[in-house]
Amino acid sequence: MLKSFRLIALLALFAFFAGCTAKTAPVEEVAIDAQTAAALKSEASVETEVTDSGIEPLDPELEAAPQEAEKLTPEEEKVLQSSNGIYFNLDEHDTKEVQQYFGFFTHKARKTFDRWLQRSEPFLPYVRQVLSENNMPQDLAMLPFAESGYNAWAYSRVGAAGMWQFMPYTGRLYGLRVDWWVDERRDPYKSTKAAVEYLKVLHEMFGDWYLALAAYNAGEGKIGRALKKTGSKDFFDLTKNNHKLSRRARLRAETKNYVPKFIAISKIFKNLDELGFTNINWENGIQVETVKVPGGTDLLALAKACGMKWSEFHKLNPHFRRQVSPPNAVINAYLPERVMADASDYLESPNSRPFAGYKRYKIRKGDSWYRIANRYGIPVAVLKSVNNRRSNLIKPGQYIMIPGRGSAKAVYATKTTKTRRTAQSRANYRVRKGDTLWDIASRYSVSVTTLKRANGLYSSRLKIGQKLYIPDNNARSSARSVAKAENVKQQLVKYRVRRGDNLWKIARRFGVKVSSLMKWNSLNSKSILRPGDRIKVYVQ
């Protein structure tokens, strides 16, 4: 009897909290079976895994509700009462709450707002473009300020994510993939298109932009039922009649303040100069190209092939939750134009996809890296590398990726390719008849392990005539070997730039790297090529 009572109490508590979640389709209207609930719970648990680096909580200022209005200067009072703006066209309403948020963001949270402006600059031109293409009010570009401070990495306490703070259910509903491998709610470009589509649907549903914004925050079901029960015609009428609703049906303070906060942010943004903020440079939008990444691609190796650190790659591609792309799916990656030739070359290589035969494994009690590696016949080093782990500690309930048959060899191949190329260019010993690795290592006082690592070898077999690099073997001869390897005869071609050319296209045409073109011609990523210009290209 006591157990039954506890179960009923727990179910009631769960139902109460479920009714409090925001920005998702009405929970009350979706039937969730036990299996689905378990899957969602499991999915939520991986949000905080160590392997998914870069997760950030929302700025505290986003959840602040100022109770008192700041004392404004005459200039600020003038801005608050104004309704001017070049790009913005939503009607404005001045309320006590608008004034409070206006004062909050121009005084107490001024540094935070300044940080949001800097963070938004790379994405604002794109957001504005998508809104224009869909004939939507330009004011809606302010929504990610109110949602996340334009932070693609932000996660809320209830599980909303990305610049537009989609909940998993709503994100999937509008075409965003959300799973262990990828969270496209953090994709600034794809999530923007999804958010614009969702807002369009909400506007068609309510016929009013402020009601659409309230529904974006609270869910269309909540707003629809509140309008019906109170007979209200618009958002401001609805907030006045909020007390007429039952406690459970009432709009939460967050939703009542959501539109005033949005209006305050919009007023500030229209008058950045007058308020002493740094203005937005609309020409400073991030310039990236989209590349289609096949399933099972080693993203860390892709970044290295493009001459980028993982942190640089991940900053442009926050939607990837692992250093491997999901198998059996093509996912967008965003890269600077200057590295597109290198990215294309790498992705065409069969070694770029060593993880096609993976399986997702849930760590059990008593597991260790050694036990799992031994069970699946994979070296511990490979297993840890695939999962981007350094620590020897693993926790039951977490998930890791197990490479399939043949993948371990491919991992080694991917890692050793660059080492072998470097060794070939620095080679200072040629294998003779009768040589073994042990003989060569003994002759030059290095260990066999060091010799294998220096040459990217995972086998002890040698071929007569094979070139090896002997570490610390006569610095002078090593230097001569390096110079000889680099002294490849090249022919200079003076190429005339044609209409439609860019560095990436020219590099691909001649089979050279974009970085080499830039070096030969003293160019940088911001340099402009004009038809008729002549640039130097060195070809072998």
Amide proton proximity set for Asp533, modelled H, under 5 Å, gap of 5+: Val497
Rel. contact order, % - alpha carbon contacts under 8 angstrom, at least six apart, the stretch 137-220: 17
Nonlocal amide H pairs with Ile470, under 5 Å, H built at 1.01 Å: Asn428, Tyr429
Cα gyration tensor category, rounded, prolate or oblate, for the stretch 359-402 with a/c compared to 1.5: rounded
Kirkwood Rh in Å, taken over all unlike Cα pairs in the stretch 491-539: 10.7
Backbone HN-Hα couplings from phi across the stretch 307-312 [Karplus 6.51/-1.76/1.60, Hz, Gly and Pro as x]: x, 10, 6, 4, 4, 5
Relative packing of peptides 392-400, 297-305 - highest average C-beta neighbours within 10 Å first: 297-305, 392-400
Sites Lys96 and Asn332 - FRET efficiency at Förster radius 56 Å, r taken between beta-carbons, to 0.05: 0.80
Estimated vicinal HN-Hα couplings, Hz - the stretch 259-272 in sequence order (Karplus 6.51, -1.76, 1.60; Gly, Pro = x): 5, x, 4, 4, 5, 4, 4, 4, 4, 4, 5, 5, 10, 4
Sorted peptide list for 127-138, 323-334, 176-187, criterion being average Cβ within 10 angstrom, highest first: 176-187, 323-334, 127-138
Relative contact order [Cα under 8 Å, 6+ residues apart], the stretch 359-402, whole percent: 64
Shape box of the stretch 246-376 [Cα atoms, principal axes, largest first, Å]: 61, 49, 24
Potential extension, Trp438-Ser522 segment - 0.36 nm per residue separation minus Cα distance: 25.5 nm
Relative contact order (%) - the stretch 491-539, alpha-carbon pairs under 8 angstrom, separation at least six: 64
Highest to lowest packing among 225-234, 381-390, scored as the average C-beta count within 10 Å: 381-390, 225-234
Given charges at beta-carbon only (K, R positive; D, E negative), |dipole| of the stretch 359-402 in Debye: 140
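Every number here is computed from the coordinates shown, using simple stated rules; none is lab data. Bear in mind the structure is a predicted one, so any value in this text is a computation, not a measurement. Every residue, glycine among them, receives a Cβ derived from its backbone with ideal geometry; neighbour counts consider all protein chains shown.
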